[in-house]
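Sharing a structure here in structure tokens format.
Throughout, read-outs are computed from the coordinates displayed, never taken from laboratory work. These figures come from a predicted structure and were not determined experimentally. When we count neighbours, we look across all protein chains shown, and the Cβ atoms used for this are built from the backbone with ideal geometry, even at glycine.
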Amino acid sequence: MANGRKKINLNKKAWAVFKGLAVYVLIALSALIFFYQISGPTPSGTEVPISQIVKDIKEEKVVKVTVEGDKITAEIKDSEEKLASHKEEGESIYKILESSGVDPSLVTIEIKDLSLQEAWIGVLSAVLPILILVGLMFFFFRQARDAGQGIFSFAQSRARLFTKDQPQIKFENVAGAEEAKRELAEVVEFLKTPDKFKALGARIPKGVLMVGPAGTGKTLLARAVAGEAGVPFFSIAGSEFMEMLVGVGAARVRDMFAQAKKNAPAIIFIDEVESIGRQRGTGFSGGHDEREQTLNQILVEMDGFTQTDHVIVIAATNRPDLLDAALIRPGRFDRRVVLSLPDLVERKAIIELHMKGKPFTKEVSFESLARRTVGFSGADLANMLNEAAILAAREGKTAIDSKDLEEAATKEKLGPQRKRMQSDRDRKLAAYHEAGHAIVGHNLANVDPVHRISIVSRGISGGHTLFPPTEDRSNETKSRLLEQISAALGGQAAEELVFKDISTGAASDISIATQIARQMVMEYGMSALGPITMQSKSMFGVWRGMDEGGEMSTQLHNEVDREVKKIMDASFKMAQKILKEQKIKLDKVAKELLEKETLESEEFEKIVGKKKS
């Protein structure tokens, strides 16, 4: 309802602006038309040389001549036709006739005095453009004042204010993230009952930094804190402080904090704070660029809070490594709340929350869906359920079933299906490629079970084999990583075994496998080089490896390459060995894929048997 009122108010304001502008445009047009009319009459009639009019007067064909300035109009006898011409400036019509041997008494001559008109023309030509310019300037300045968007409003804060009169989000509307909610619940207590903490000498935190991957609910939790506390909530993105005019960002920070203090207790929420809170002194744009001035002002405002301000700053970022040390120190951001991807219990709670209002068939299981979506963020889960509802509605169903949810989950991670023409050889190549991934992964103990195999194109891939995790893991072992590399290389190994050739379809598989192998060598210490990290920290606080200019000797560089190649070669040989032993099953799976295009886990296991644990 609030959004509807806001839209109506914006439409009314836009209509008022249009009407005001239309009035000024009409005034300007009327003035120009008037100026054109009084600038002197245009001769009405057929344009002829003045000698023709003199000749007609001599032959007594003209009954009247009207002279207006340098313009001459002649009325023809017994005719409505008029002749028009011009004389030289300052030349008298009488002198023209006399010099041509024509008696002026043969015609009636009327001379109109234009001195007053010419005086008005001179005045208007000097004053009218100024009046039009002043009028337009007055209009635009008035609109700028009313809308707050003019040149003098650059320094005003762009933060959007949400008050307790608007629909509120509570902690109960946020599923999962229980640890984060417990941390933030104390912030609510600080805002509701600050005296309780002051009585014990506790200092109210000035800032809370929320860190976590995209889609984990940082913004939602910030709004929930404001909703629980029932205080004004100022929301702004870090990029909204920046403007092409130097000093505008700092002025907007001052204005935002001034507004928050007037409405205290209040919450200021800065989303994507890394856009203005990056480390200073990088040397690229000097020490007084717009971004650094904005950051300096934030540091001053946060450090200048007093105990009676009751203003808490909540900031969100998914790149805490980029933030300036002065910004995240205690005294500014006193607390750090870390949000991670939801675990099994949290995914189930998120799914149940977003399932409200959607009809599902009885076969749908929250538990199995939560286990299927390991690695999904809260935003991914919400979008998946929405896509499932859209798919069911498109097919005319009255309830969402498991098939819709499976298709929505696959679409969320890999993109929509792409129907494209493929030759028989390309389809056969794709079938053996995906079957190769599945067979190799199925025969490796540390690789998760195959969930689905398909040769239907999605996004940029020509097919896919899914190995979704069966449980949430916080660590990876060396043996599991090596087997993941073998499974990734299984597609190319199958192509080489069956076709005695390889294709470009394995490019992304090789990229993923190489990245894992390089991390094993350079970050995890899982190679003959031992437990050392071959990365250095850049001036931005970002870890760099040898490919981004990290500090590595040429000898160590070569040793890293050798270790990566050793891992890749061993994993590829493992994939080849498994496929040679399982060639019959490989052919059967590829044949089924060519017929059905997609195999679910049950259909796959009917061909190859249950996975050995």
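Taking K and R as +1 and D and E as -1, what net charge do the other residues with C-beta under 14 Å from the C-beta of Asp195 add up to?
Once positives and negatives cancel, what remains is +3.
Next question. If r is the Cβ-Cβ distance from Lys566 to Thr477 and R0 is 30 Å, what FRET efficiency results, to the nearest 0.05?
Rounded to the nearest 0.05, the efficiency is 0.95.
How many angstrom lie between the Cα centre of the range 589-604 and the Cα centre of the range 166-206?
Taking the Cα centre of the range 166-206 as reference, the centre of the range 589-604 is 53 Å away.
If you don't mind, another one. I need Phe467, Phe233 ordered by Cβ neighbour count within 10 Å, fewest first.
Fewest-to-most Cβ neighbours within 10 Å comes out as Phe467, Phe233.
Where the centre of each part is set by its Cα atoms, how far does the range 360-383 sit from the range 454-519, in angstrom?
What the calculation gives is 24 Å, centre to centre.
How high is the relative contact order of the range 344-413, in percent, counting Cα pairs under 8 Å that sit 6 or more residues apart?
Worked out over the range 344-413, it gives 38 percent.
Karplus couplings for the range 293-298 from phi (6.51 cos²θ - 1.76 cosθ + 1.60, θ = phi - 60°), rounded to Hz, Gly and Pro as x?
Result, ordered by residue: 5, 5, 4, 4, 5, 5 Hz.
Please report, in whole Å, how far the alpha carbons of the range 420-608 spread along each principal axis, starting with the longest.
54, 33, 31 Å, listed from the longest principal axis down.
Another question about this same structure. Suppose a student asked you for the relative contact order of the range 420-608, using Cα pairs under 8 Å spaced at least 6 residues apart; what percent would you report?
Answer for the range 420-608 is 28 percent.
So who's got an amide H within less than 5 Å of the one on Gly525, skipping anything under 5 residues away but keeping other chains? H placed 1.01 Å off N, in plane.
Ile532
In terms of modelled amide H atoms, which long-range or inter-chain residues lie less than 5 Å from the amide H of Phe360?
Residues meeting the amide H criterion: Ile400.
Using Cβ contacts closer than 10 Å as the measure, can you line up Val498, Val450 from fewest to most?
Placing the least packed residue first, the sequence is Val498, Val450.
Okay, moving on. Which net charge results when you count Lys and Arg as +1 and Asp and Glu as -1 among the other residues whose beta-carbon is under 12 Å from that of Leu599?
My count for the surroundings of Leu599 gives -3.
Among 371-380, 428-437, 358-367, what's the highest-first ranking by average C-beta atoms within 10 angstrom per residue?
Highest to lowest by the protection proxy: 428-437, 371-380, 358-367.
For Gly331, what charge total do you get from the other residues with a beta carbon under 13 Å from its beta carbon, if Lys and Arg give +1 and Asp and Glu give -1?
Local net charge: +2.
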